[in-house]
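Novice: Input: one structure, supplied below.
The values are calculated or read from the model by the stated rules, or taken from the named source; none is laboratory data. Keep in mind it's a predicted model, so treat the numbers as computed, not measured. When we count neighbours, we look across all protein chains shown, and the Cβ atoms used for this are built from the backbone with ideal geometry, even at glycine.
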């Protein structure tokens, strides 16, 4: 009987572990802080790792091999007081591509407004209905953005539930003293990330994410010509966003994650495809024009 009970506990624990959605690497860098005692930063790193990876963020059953791979690099630049810190957080998430070992970057962003309080060994608490802690609110916000982007690549509008949760976190934080949550602070912060993901004027972004990944990237290994056609069509649909608002933050977020990948995809395309996509990319992402013009050069090198 005890053995059966232990087996039951082991099975239950295994289900619990496999239930979480993320496999997120957490790194806390405190090299800029002049202190002989760095233990609090190691404790912080462990606490964040457990909070992000062990929290059940969705109602979806996720298998171990399906966990979303991501990373959060926290660079602490200032210790304001015994329990208050300031720095940056860089978030990156990837998605595996069907039939390959390749992982496609979905999100790559550095948040320069990361100020939070933390006492060593304190538990990290988060509520969807109120702003308890800037540390956990920021972490939960980016977890939901990561989830939303991943789900958006598997079904059209599949990420909206998580983008809505991220927007709710923003709303709850409107009275918080820390920066990064308010529309008037700048046009490249958490407020605008959530806003742009759900903005009806930018609805083509969601369909682009789905078509680019599910109909394009997932078929690129087996049907490269057809897959590139879908990717091209998906990218061209972003024109509507650019023409609506040429400085739309959502376009910057997309191309910060995708520009290198796109140049590699089209370095193997036919010349007429290259000419078509280069024209599109230079129009909707002009700051990287020289990178896209190099697609032809990369193609010639590859040959």
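Novice: What do you reckon, is residue 64 without any contact (Cβ under 8 Å) to a residue 12 or more places away in the chain, closer than 30 Å to residue 211 by Cβ and over 17 Å from the mean Cα position of the chain (by Cα)?
Specialist: Criteria not met by residue 64.
Novice: May I ask you to list the residues in segment 49-65 that are out of contact with any helix residue (DSSP H, G or I) (no Cβ under 9 Å at 6 or more places or on another chain) and either over 11 Å from residue 143 (Cβ atoms) or assigned to a loop (DSSP other than H, G, I, E, B) (or both)?
Specialist: Hits for segment 49-65 are 49, 50, 59, 65.
Novice: I've got another one for you. Answer yes or no: is there a residue in segment 65-81 that is out of contact with any strand residue (DSSP E or B) (no Cβ under 8 Å at 6 or more places or on another chain) and surrounded by 12 or more Cβ atoms within 10 Å (Cβ to Cβ).
Specialist: Yes, that holds for at least one residue.
Novice: Here's another thing I want to ask about it. Being in the same structural domain as residue 38 (by TED's automatic domain parsing), surrounded by fewer than 22 Cβ atoms within 10 Å (Cβ to Cβ), more than 19 Å from residue 249 (Cα to Cα) and modelled with pLDDT under 95: is that true of residue 100 here?
Specialist: Yes: the conditions hold for residue 100.
Novice: Then there is this: Do we have residue 260 as exposed (fewer than 15 other Cβ atoms within 10 Å of the Cβ) and part of a helix (DSSP H, G or I) here?
Specialist: yes
Novice: Next question. Within segment 204-237, which residues are closer than 17 Å to residue 263 by Cα and not in a helix (DSSP H, G or I)?
Specialist: 220, 221
Novice: Shifting gears a bit: Yes or no: segment 263-283 includes at least one residue that is outside any helix (DSSP H, G or I), within 24 Å of the chain's Cα centre (by Cα) and at pLDDT 95 or above.
Specialist: Within segment 263-283, none of the residues are outside any helix (DSSP H, G or I), within 24 Å of the chain's Cα centre (by Cα) and at pLDDT 95 or above.
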